[in-house]
1. Run the dipole for the chain about the Cα centre, Lys and Arg Cβ at +1, Asp and Glu Cβ at -1, nothing else charged, and hand back the magnitude in debye, nearest 20.
2. For the chain, what does the helix formula give at 222 nm: sum of -39500 (n - 2.57) over DSSP H segments with n ≥ 4, over the residue count, nearest 500 deg cm²/dmol?
3. What number results when the radius of gyration of the chain, computed over Cα atoms, is divided by 2.2 N^0.38 Å?
4. I want to verify a result. In a Gaussian network model of the chain, Cα cutoff 10 Å, which of these has the top mean-square fluctuation: Asn40, Asn66, Asn170?
5. Set the Förster radius R0 to 35 Å, insert the Cβ-Cβ distance between Val16 and Asp110 as r into 1/(1 + (r/R0)^6), and round the FRET efficiency to 0.05.
6. On a full-extension model of 0.36 nm per residue, what is the gain between Glu50 and Asp194, subtracting their alpha-carbon distance, rounded to one decimal in nm?
7. Could you please rank Thr75, Thr46, Thr82, Thr156, placing first whichever residue has the fewest other Cβ atoms within 10 Å of its Cβ?
8. In a solvent-free Debye calculation with one equal scatterer on each Cα, what is log10 I(q)/I(0) for the range 21-79 at q = 0.21, 0.25 Å⁻¹, listed in the order of the q values?
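None of the figures in this text is laboratory data; all of them are computed from the coordinates on show. Remember, it's a predicted structure, so these values are computed and weren't measured experimentally. Methodologically, a virtual Cβ is constructed for each residue, glycine included, from the backbone with ideal geometry; neighbour enumeration extends over all protein chains shown.
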Amino acid sequence: MSFKQPDLPYAMGALVPFLSEEQVNFHYGKHHAAYCAKLNSLVQGTPQSEMALEDLVVQAEGAVFNNAAQAWNHTFYWRCLTQPGHGGAPKGDFKAAIERSFHSIEAFKDEFSKAAVGIFGSGWAWLGMDNQGRLEILALSNADNPLRHGKRPLMTIDVLEHAYYIDYRNDRLRYVASFWDSVNWSFIEQLYSDGHDAAIGRNG
Ligand code: FE
């Protein structure tokens, strides 16, 4: 069995003007694809090739972990995005949870943006949920993922330079500022609601 890179949930050019077709083509078609190919070459013929990708993200070490997590993280990142201006806004219980944890949606965006911009070198900023249903922003280096820390990932932004260099050169601040218009809030809300039900189930 081998790990297959999932199709993008939209056309390569769907994220313009946040990300150009060329930027997405390189990021999805070269970098994300390379992590999947490398993972397959590393695990071929071993028991790890039969494991679920998410289990590799939690359990693997070294090069297998790096490539498994980068494969998972990128697929998740693409799903957190949608056509600019079409992602809606946080609402309902999810909006209330954001407001409880961060005071307001704007304060949450500000804190998440600061975490993303502040990551030294390569990494990912995440919104995660713990097993009590509490929300938290995580600024993680390289391929690291909230699943390694017992947290459920709800949202992410890739701040590896390859994510934005074609469109924004070295200007990570402008890339992160542009990101908000393309956030797929309904995807994130669904993850919040699934995670919250699971947390209540565990505690109830
Ligand atoms: Fe990337």
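1. Working: 17 positive and 23 negative charges, 25 e Å.
For the chain, the charge dipole is close to 120 debye.
2. The helix contribution divided over the chain gives -14500 deg cm²/dmol.
3. Output field value: 1.01.
4. Asn170
5. Numbers: r = 25 Å, r/R0 = 0.73.
The value I calculate is 0.85.
6. Difference between extended and current length: 49.2 nm.
7. Thr46, Thr75, Thr82, Thr156
8. Taken in order of the listed q values, log10 I(q)/I(0) reads -0.75, -0.97.
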